[in-house]
1. Listed residues LYS240, LYS219; which is part of a loop (DSSP other than H, G, I, E, B), within 22 Å of GLY182 (Cα to Cα) and free of Cβ contacts under 8 Å to residues at least 24 places away in the same chain?
2. Does ILE46 meet the test of being under 22 Å from the mean Cα position of the chain (by Cα), within 22 Å of PHE372 (Cα to Cα), of a type in the set (A, V, I, L, M) and surrounded by fewer than 17 Cβ atoms within 10 Å (Cβ to Cβ)?
3. Within the stretch 93-103, can you find the residues that are crowded, with 22+ Cβ neighbours inside 10 Å and modelled with pLDDT of 95 or more?
4. Does LYS384 qualify as being over 24 Å from the mean Cα position of the chain (by Cα), part of a helix (DSSP H, G or I), modelled with pLDDT of 95 or more and of a type in the set (D, E, K, R)?
5. Restricting attention to the stretch 292-304, report how many residues are part of a helix (DSSP H, G or I) and exposed (fewer than 15 other Cβ atoms within 10 Å of the Cβ).
6. With of a type in the set (D, E, K, R) and modelled with pLDDT of 95 or more as the only criterion, which of GLU258, GLU291 stands out?
7. Could you figure out which of (1) within 29 Å of TYR284 (Cα to Cα); (2) surrounded by fewer than 21 Cβ atoms within 10 Å (Cβ to Cβ) isn't true of ILE194?
Amino acid sequence: MAHQTIKAAQRTENITYAIRDILLVADEVAKTGKKLLYLNIGDPNIYDFEPPRHLIESTYQAMLRNKNGYAPSSGIKDAVEAIRAEADRKGIKNVRDVFVTHGASEAIEICLTALVNDGENVLTPTPGYPLYTAIASKLSAYENPYYLDEENGWQPDIEDIKKKINGKTKAIVLINPNNPTGSLYTKEVLLQIIDLAIEHNLVIFADEIYDKLLFDGKKHISIAALNSEVPCITFGGLSKNYMVPGFRIGWGVVSGNEAVLKDYMAALNRILRSRLSANHPEQYGIKEALEGDQSHLTLAMEKLQRRRDLTYEMLNAIPGITCVKPEGAFYAFPRLHTDKSDFDFVSGLIRETGVVVVHGSGFGQVPGTQHFRVVFLPQDDVLKSSYEKIGQYFAKFNS
């Protein structure tokens, strides 16, 4: 009997995740024995960053107390209350619901799943984190990217957003601070986005996972804090600010007009109940993290600001490469002034020098431009060596 190929679902055909996909090239090169310098993964723990000790201790103690079964679907009481208090500190009023999830990524997927039907769309930033477009593809939604303006410090292009809104648009995604550019959005831009959301009945998805990782004394503004009526879900988590991405603990905070949000919140909670709960013992770290000693952030930001400055200076010193100064997170998104492919540049860079970065097209970019993303979490000497190699290789690549 002939074996027939099992056909994969069509919804998976356009799912890509450049950050990990580029590791296929890196793994191939690693097998040759070449030493690799990894500037591609935003995981603080594989570099010289550690979570606060009291966060780890609280989770360990919860395990010893046998908090190892299922948790309530929306999260344990202490965690939910701590997240509500954190939202209040951020100035977010009119909070309607709070839920704890398997990382912010599960919160994002649940919120999109509860909102978007086949053929509808969500406005996603370009460049932006590829998870959003991957989930949209899985939901049979179509991509509706809006551009960030490189000439304006990677702020959202309001005029472009206006052009992209149509009758099938259900929400607008903001990543602030932004991954992959490190940009921090201004109050003026956020207010304009609120006006568009209210006018077109859109939900705002505010991804603020990096909101405590800011440079030059900058202050983060939560978009939900600027208007208590606009329907908004603010995403946060422990992974970046508290250096525990492996805990997979994130959350969503729903705020805005209760009558407008009522049906949507019911759908969110149906999904939350159906998947049982997020990791249980790790939830005991949420209150300790948000309300405990924050000195780990001071130590982390001393390193990150120095490495941000090093990144900005060295990349801009390379002929043919320009880089907007990041204001938050730990990413930069330099531009390659070349007619050649950014993927070809990145794959060639890995093969020839061992420096692993991610091609800009994996995050989206204005057509005709070429970029790559660097993570400046590694130690200073690794960054210096990597940027020297990038400069040498780009001169050869672009000749």
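The values are calculated or read from the model by the stated rules, or taken from the named source; none is laboratory data. Everything numeric here is computed off the predicted structure, so don't read it as measured data. Here the Cβ is made from the backbone with ideal geometry for all residues, glycine too, and neighbour counts use every protein chain on show.
1. Among LYS240, LYS219, only LYS219 is part of a loop (DSSP other than H, G, I, E, B), within 22 Å of GLY182 (Cα to Cα) and free of Cβ contacts under 8 Å to residues at least 24 places away in the same chain.
2. Judged against the criteria, ILE46 is a match.
3. Matches in the stretch 93-103: PHE99, VAL100, THR101.
4. Answer is yes for this residue.
5. Of the residues in that region, 4 qualify.
6. Within the list GLU258, GLU291, the selection yields GLU291.
7. Checking ILE194 against (1) within 29 Å of TYR284 (Cα to Cα); (2) surrounded by fewer than 21 Cβ atoms within 10 Å (Cβ to Cβ), the one that fails is (1).
Each row is one residue, and each column tells you yes or no for (1) in contact with an Asp or Glu (Cβ under 9 Å, 6 or more places away or on another chain); (2) of a type in the set (Asp, Glu); (3) outside the structural domain of LEU64 (by TED's automatic domain parsing).
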residue: SER255; (1), (2), (3): yes, no, no
residue: SER277; (1), (2), (3): no, no, no
residue: MET314; (1), (2), (3): yes, no, yes
residue: ALA317; (1), (2), (3): no, no, yes
residue: ASP339; (1), (2), (3): no, yes, yes
residue: ASP342; (1), (2), (3): no, yes, yes
residue: GLY348; (1), (2), (3): no, no, yes
residue: PHE363; (1), (2), (3): no, no, yes
residue: GLN370; (1), (2), (3): yes, no, yes
